[in-house]
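To start, the structure itself, in structure tokens.
The values are calculated or read from the model by the stated rules, or taken from the named source; none is laboratory data. Bear in mind that the values here come from a model prediction, so they are computed numbers and not experimental data. For neighbour counting, all protein chains shown are included, and Cβ atoms are generated from backbone atoms with ideal geometry for every residue, glycine included. SASA here: full protein model, heavy atoms, side chains in, ligands and nucleic acids out. Shrake-Rupley method; radii C 1.70, N 1.55, O 1.52, S 1.80 Å.
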Amino acid sequence: WGFPGWHIECSAMAMKYLGETLDLHAGGEDLVFPHHESEIAQSECLTGKTFSNHWIHTRFLVVDGEKMSKSKGNFYTVRDLVEDRGQDPIALRFALMATPYNKPLNFTMQSLSDAGKNVERFRECRRVAESTLDRPGSADISQELDRIYGEALDAMCDDLNTSVALARALEGTGVIFRDQSRLGGESSKIALEYLDRIEE
């Protein structure tokens, strides 16, 4: 009777390993009903406590505007993209993060290529900062980079708004490139510290 037993299994495993109230529970948008609603109902009936304080439901991934399917030939795995097609795994990660989890992600080879260019921008920015460490510099970039980092962090704290956070992160590279002729010493260290913090 009722829904299949996997709802019970998830409640039982969650409570056994994580406690009666979870801080964060995630899943795909297709799990809102019936799975997550069933988990809530049965768990809260048992404990009398809130089952999860926060829920994150990811939207579906589509490829070139269509549902991913082997029969359509638009089905990719990480291994396909990285090992067989030689794509940069960091670029793949960037491409998948570029759209917030609560918006549909349309994955295309163009979006992966664009992500690769952005990743290379960060790498080149790091090379510039490292290459100027040993020379005197006059760039005053500390306050600007602190502001940009703060805005990126605010975006991440606003329901994991990764698209805004990545845009702010890239804005910081623009500051470093703009002032690269005046980088050196302390300002180069500040640039590297920004890159370390933003890449975390």
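Being modelled with pLDDT of 95 or more and of a type in the set (D, E, K, R) is the filter; apply it to the stretch 41-72 and report the residue that is least open to solvent (accessible area, probe 1.4 Å). The qualifying residue least open to solvent (accessible area, probe 1.4 Å) is 44.
Each row is one residue, and each column tells you yes or no for (1) closer than 30 Å to residue 168 by Cβ; (2) hydrophobic (A, V, I, L, M, F, W, C).
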{"site": "33", "(1), (2)": "no, yes"}
{"site": "36", "(1), (2)": "no, no"}
{"site": "46", "(1), (2)": "no, yes"}
{"site": "55", "(1), (2)": "yes, yes"}
{"site": "63", "(1), (2)": "yes, yes"}
{"site": "66", "(1), (2)": "no, no"}
{"site": "72", "(1), (2)": "no, no"}
{"site": "88", "(1), (2)": "yes, no"}
{"site": "92", "(1), (2)": "yes, yes"}
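Restricting attention to the stretch 147-181, the residues that are touching a residue at least 40 places away in the same chain (Cβ under 8 Å) and open to solvent by 60 Å² or more (accessible area, probe 1.4 Å) add up to 3. The single condition among (1) free of Cβ contacts under 8 Å to residues at least 12 places away in the same chain; (2) closer than 27 Å to residue 114 by Cα that residue 143 does not satisfy is (2).
Matching residues to (1) aromatic (Phe, Trp, Tyr); (2) touching a residue at least 12 places away in the same chain (Cβ under 8 Å); (3) touching a Pro at 6+ places or on another chain (Cβ under 7 Å); (4) open to solvent by less than 40 Å² (accessible area, probe 1.4 Å):
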residue: 86; (1), (2), (3), (4): no, no, no, no
residue: 95; (1), (2), (3), (4): no, yes, no, yes
residue: 100; (1), (2), (3), (4): no, yes, no, yes
residue: 103; (1), (2), (3), (4): no, yes, no, no
residue: 115; (1), (2), (3), (4): no, yes, no, yes
residue: 122; (1), (2), (3), (4): yes, yes, no, yes
residue: 127; (1), (2), (3), (4): no, no, no, no
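One residue alone among 168, 126 is in contact with a helix residue (DSSP H, G or I) (Cβ under 7 Å, 6 or more places away or on another chain), closer than 30 Å to residue 26 by Cβ and not aromatic (Phe, Trp, Tyr), and that residue is 168. Of all residues in the stretch 1-20, those satisfying the criterion of being touching a residue at least 24 places away in the same chain (Cβ under 8 Å), part of a helix (DSSP H, G or I) and surrounded by 13 or more Cβ atoms within 10 Å (Cβ to Cβ) are 7, 8, 10, 11, 14, 15. For the condition in contact with a Pro (Cβ under 9 Å, 6 or more places away or on another chain), assigned to a loop (DSSP other than H, G, I, E, B), open to solvent by 10 Å² or more (accessible area, probe 1.4 Å) and not hydrophobic (A, V, I, L, M, F, W, C), residue 140 does not qualify.
Applying the condition of being loosely packed, with under 15 Cβ neighbours inside 10 Å and over 22 Å from the mean Cα position of the chain (by Cα) to the stretch 21-40 and asking which residue is farthest from residue 159 (Cα to Cα) yields 34.
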